[in-house]
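Notes for the one structure printed next.
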Amino acid sequence: MNSPYYKRFKVTQRYVSGTHDGLDLVGLDSKDIHSTVNGKVLYAGWENINNSRQGFGKYVKIQKDNSDMVFYYAHLSDIYVKKGDRVRITQVIGKEGSTGYSTGSHCHYCCRKNGVRGNDLDISKISGIPNKLGIYDDGYREGNDGYLENSSYKGNSIVDALKQIGVDSSFSNRKKIASRNNISNYTGTATQNTKLLNLLKKGKLIK
Ligand SMILES: [Zn+2]
């Protein structure tokens, strides 16, 4: 799964389409909020500068590259990015908090098609975070470059997997990556690609 947290976090409120358009999450090992996508910051700041109790409070909104999906990270206490910034998956973008319409520290994490309120997409399916109250661990660790945008990734394409994490997936670059990982004479055979993909999934690929 791919959550905005490092290590363990808790789901405290489920996603219910139309009623609660995201998951409420609480970080257990860290309060850092990581971007879950490669994309561009569309907004970073207060929902209403004159009312810190309104709506999302301090929040960040990121459009995923090459998609109409816009991801929201709300109720933050701190924000480390600004509008127009490019962010990379796993980059720390803010700190969990309780700004806006919130009674305790948490992050409302949701995804809306084209960033339109009411156009909520099922964040649980997108992220792989179970839509069920409980404590989870998304497997992300500091320095784990192989972290996939969706670790429920079932594809067998190293090209797609590299694209997902924002790495040049051209043949020439794959050849370079292969040699860094002791796969000599890379020609793009299925066996070689599977080796690369398995390393990537384990977070062991040297890119
Ligand atoms: Zn919420």
Taking the mean number of other Cβ atoms within 10 Å as a proxy for protection, how do you rank 31-38, 126-133, 88-95 from highest to lowest? 31-38, 88-95, 126-133
Say we join alpha carbon atoms closer than 10 Å with springs in a Gaussian network model of the chain; which of Tyr109, Tyr140, Tyr101 then has the biggest fluctuation? Tyr101
Expressed in nm², what is the orientationally averaged projection area of the convex hull enclosing the Cα positions of the stretch 158-201? 2.7
For a label point 7 Å from the Cα of Asp78 along Cα→C-beta, name the residues of the stretch 10-42 whose backbone N is under 19 Å from it. 26-36
Looking at the chain, I'd like the Rg to Rh ratio, where Rg is from alpha-carbon atoms and Rh is Kirkwood's inverse mean 1/r. 1.01
Nearest 20 debye, what's the magnitude of the dipole of the stretch 8-137 about its Cα centre given +1 on Lys and Arg Cβ and -1 on Asp and Glu Cβ? 160
Quick calc: nm separation of the 7 Å Cα→Cβ label points for Lys10 and Lys163 -> 4.0
By how many degrees, between 0 and 90 and to the nearest 10, does the Cα long axis of helix 171-180 differ from the longest principal axis of the chain? 80
Largest to smallest principal axis extent of the C-alpha atoms in the stretch 2-42, angstrom: 27, 26, 14
From the backbone phi of the stretch 163-168, what are the Karplus-calculated ³J(HN,Hα) couplings (6.51 cos²θ - 1.76 cosθ + 1.60, θ = phi - 60°) in whole Hz, Gly and Pro given as x? 4, 4, 9, x, 10, 3
Computed E for Lys207/Thr19 - FRET, C-beta separation, R0 41 angstrom, nearest 0.05: 0.50
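Coordinate-derived values only; no laboratory data. Just so it is clear, the model here is predicted, and its values are computed rather than measured. Neighbour counts are summed over all protein chains in view; Cβ atoms, including those assigned to glycine, are modelled from backbone coordinates with ideal geometry.
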